[in-house]
Amino acid sequence: MRLLACLAATALVALAVPAAAQEDYPDGPITLVVPFSAGGPTDTVTRLIAEPMSRELGEQIVVQNISGAGGTLAATQVANAAPDGYTILIHHIGMSTAPTLYRNLPYNPLEDFETIGLVTEVPMTIIARKDFEPETLQELIDYVKANQDTVTYANAGIGAASHLCGMLFMDAIDTQLTTVPYQGTGPALTDLLGGQVDFMCDQTTNTTGQIQAGEVKAYAVTTGERLESLPDLPTTAEAGLGEFQIGVWHGLYAPAGTPEPIIEKLTAALQTALKDENVVEQFAELGTTPVPQDQATPEGHTEKLASQIELWRPIIQEAGVYAD
Ligand code: ASP
């Protein structure tokens, strides 16, 4: 027993980040892991904030895409990374749905990470390939009900926001459809544009430009109010889908045990990035809202994460959708 306790103590000392290293942090590039493919909304948001964050920290932030299993693969890797501030994660609403969706999730979002701060709130849009027959949301509902066996719905894997949105949609219209999982919105949207899949629901970050250019058909925005960037697009409620609403939020995480002074520096850099003129401007164009500064904090982030886990648990359980 004594030997075991001694070994455990040695391991803890070896893991701990020395005070000098905390003071000097950062002293080398920081890897910011994106849990989906390049070219998707999470990737877009990340690359926009990474630049001003790098400037503030005085070290390069290297964006690394680790896609798969609806974002849980990347989260698992970061949960197991050294808690030294050199490997951090951006994740979205999926961090709060995965604990219910996955029967064997290898991490606990509230225990295995330190929160750094929330980043954005992003609405979603229901869109289809441009030659898809239905013209309105009501027509879409009627069409998918009548063609349940042939219609395909693209998502970014179980745990992705697009999966959640599709699950809510199918639940709301009481119809199960064939889903086609991708490693992120980037490849899913490419296939939608190419006509390989019929429809999807994804963040405005990547759908706004395609909708404005008429490259996809858009049916509704999933928020309570219309968007300035897409004023003609009805809300799901206006278009006939009752209370169906979903907004995607992003947050930054570090592995549990990352020292507080390091988290404080990362939070400060995030807050600076969210005030950056270019970020504010680009976010607005993409229908994305930076969170208020008091939400770009570990406290605001933890509160949101905990309440979202509680919010989604009964909804997912009722829908009965699970993954292993
Ligand atoms: N928007 C995607 C989702 O469905 C992920 C991504 O950012 O690529 O969660």
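Residues in segment 71-109 that are closer than 16 Å to Ala254 by Cβ, of a type in the set (Ser, Thr, Tyr) and not in a loop (DSSP other than H, G, I, E, B): Thr76, Thr87. Screening segment 244-324 for helices (runs of 4 or more DSSP H) wholly inside it with 2 or more residues that are over 19 Å from Ala75 (Cβ atoms) and among the basic types (Lys, Arg) returns the ranges 260-275. Can you pull out every residue in segment 79-93 that is away from the ligand (no atom under 16 Å from the Cβ) and either among the β-branched types (Val, Ile, Thr) or without any contact (Cβ under 8 Å) to a residue 60 or more places away in the chain (or both)? Answer for segment 79-93, where residues must be away from the ligand (no atom under 16 Å from the Cβ) and either among the β-branched types (Val, Ile, Thr) or without any contact (Cβ under 8 Å) to a residue 60 or more places away in the chain (or both): Thr87, Ile88. Applying a threshold of 6 Å to beta carbon distances and a minimum spacing of six or more residues, or different chains, the list of pairs starting in segment 173-202 at a residue that is at positive phi and ending at one that is not in a loop (DSSP other than H, G, I, E, B) reads Gly195/Arg129. Would you please list the contacts, defined by Cβ atoms under 6 Å and residues six or more apart or on different chains, that run from a residue in segment 155-168 that is within 6 Å of the ligand (Cβ to nearest atom) and at pLDDT 90 or above to a residue that is assigned to a loop (DSSP other than H, G, I, E, B) and not charged (D, E, K, R)? If the second residue must be assigned to a loop (DSSP other than H, G, I, E, B) and not charged (D, E, K, R), the pairs left are Ala156/Phe36; Ala156/Tyr182; Ala156/Gly184; Ala161/His92; Ala161/Ile93; Ser162/Ala156.
Of the residues that make up segment 61-70, is at least one in a helix (DSSP H, G or I) and either in contact (Cβ under 8 Å) with a residue 24 or more places away in the chain or in contact with a helix residue (DSSP H, G or I) (Cβ under 7 Å, 6 or more places away or on another chain) (or both)? Yes, that holds for at least one residue. Before we move on, is Gly195 in a loop (DSSP other than H, G, I, E, B) and at pLDDT below 95? Criteria not met by Gly195. When we screen Asp171, Asp149 for residues that are within 19 Å of Thr100 (Cα to Cα), more than 16 Å from the ligand (Cβ to nearest atom) and out of contact with any Pro (no Cβ under 9 Å at 6 or more places or on another chain), the only hit is Asp171.
The residues on offer are Thr185, Thr190, and the sole one that is within 12 Å of the ligand (Cβ to nearest atom), β-branched (Val, Ile, Thr) and crowded, with 24+ Cβ neighbours inside 10 Å is Thr185. Of the set (1) closer than 26 Å to Asp191 by Cα; (2) more than 12 Å from the ligand (Cβ to nearest atom); (3) buried (at least 18 other Cβ atoms within 10 Å of the Cβ), all apply to Leu32 but (1). Within segment 42-60, if we keep just the residues that are acidic (Asp, Glu) and in a helix (DSSP H, G or I), the residue that is nearest to the ligand (Cβ to nearest atom) turns out to be Asp43. Of all residues in segment 115-154, those being touching a residue at least 60 places away in the same chain (Cβ under 8 Å), part of a helix (DSSP H, G or I) and surrounded by fewer than 19 Cβ atoms within 10 Å (Cβ to Cβ) number 1. Selection within segment 90-114: residues that are within 18 Å of Thr31 (Cβ to Cβ) and among the acidic types (Asp, Glu). The member of this set that is surrounded by the most Cβ atoms within 10 Å (Cβ to Cβ) is Glu114. Annotation note: Cβ proximity below 6 Å between a residue of segment 302-324 that is farther than 11 Å from Thr100 by Cβ and a residue that is exposed (fewer than 15 other Cβ atoms within 10 Å of the Cβ) and modelled with pLDDT under 95 (sequence gap 6+ or interchain) occurs for Asp324/Arg103; Asp324/Asn104. Here Thr223 meets the list (1) away from the ligand (no atom under 16 Å from the Cβ); (2) in a loop (DSSP other than H, G, I, E, B); (3) buried (at least 17 other Cβ atoms within 10 Å of the Cβ) almost entirely, failing just condition (1). How many residues, within segment 272-292, are under 27 Å from Asp27 (Cβ atoms) and surrounded by fewer than 21 Cβ atoms within 10 Å (Cβ to Cβ)? Here the count works out to 4.
For Ala239, the conditions (1) within 15 Å of the ligand (Cβ to nearest atom); (2) buried (at least 17 other Cβ atoms within 10 Å of the Cβ) are fulfilled apart from (1).
Scanning segment 198-215 for residues that are assigned to a strand (DSSP E or B) and either away from the ligand (no atom under 15 Å from the Cβ) or touching a Phe, Trp or Tyr at 6+ places or on another chain (Cβ under 9 Å) (or both) gives Phe199, Met200, Cys201. When Arg103 is tested against the conditions (1) in contact with a Lys or Arg (Cβ under 6 Å, 6 or more places away or on another chain); (2) modelled with pLDDT under 95, the lone failure is (1).
The values are calculated or read from the model by the stated rules, or taken from the named source; none is laboratory data. This structure is a prediction, so every number in the text was calculated from the model and none was measured. Please note: Cβ atoms are built from the backbone with ideal geometry, for glycine as well, and neighbour counts cover all protein chains shown.
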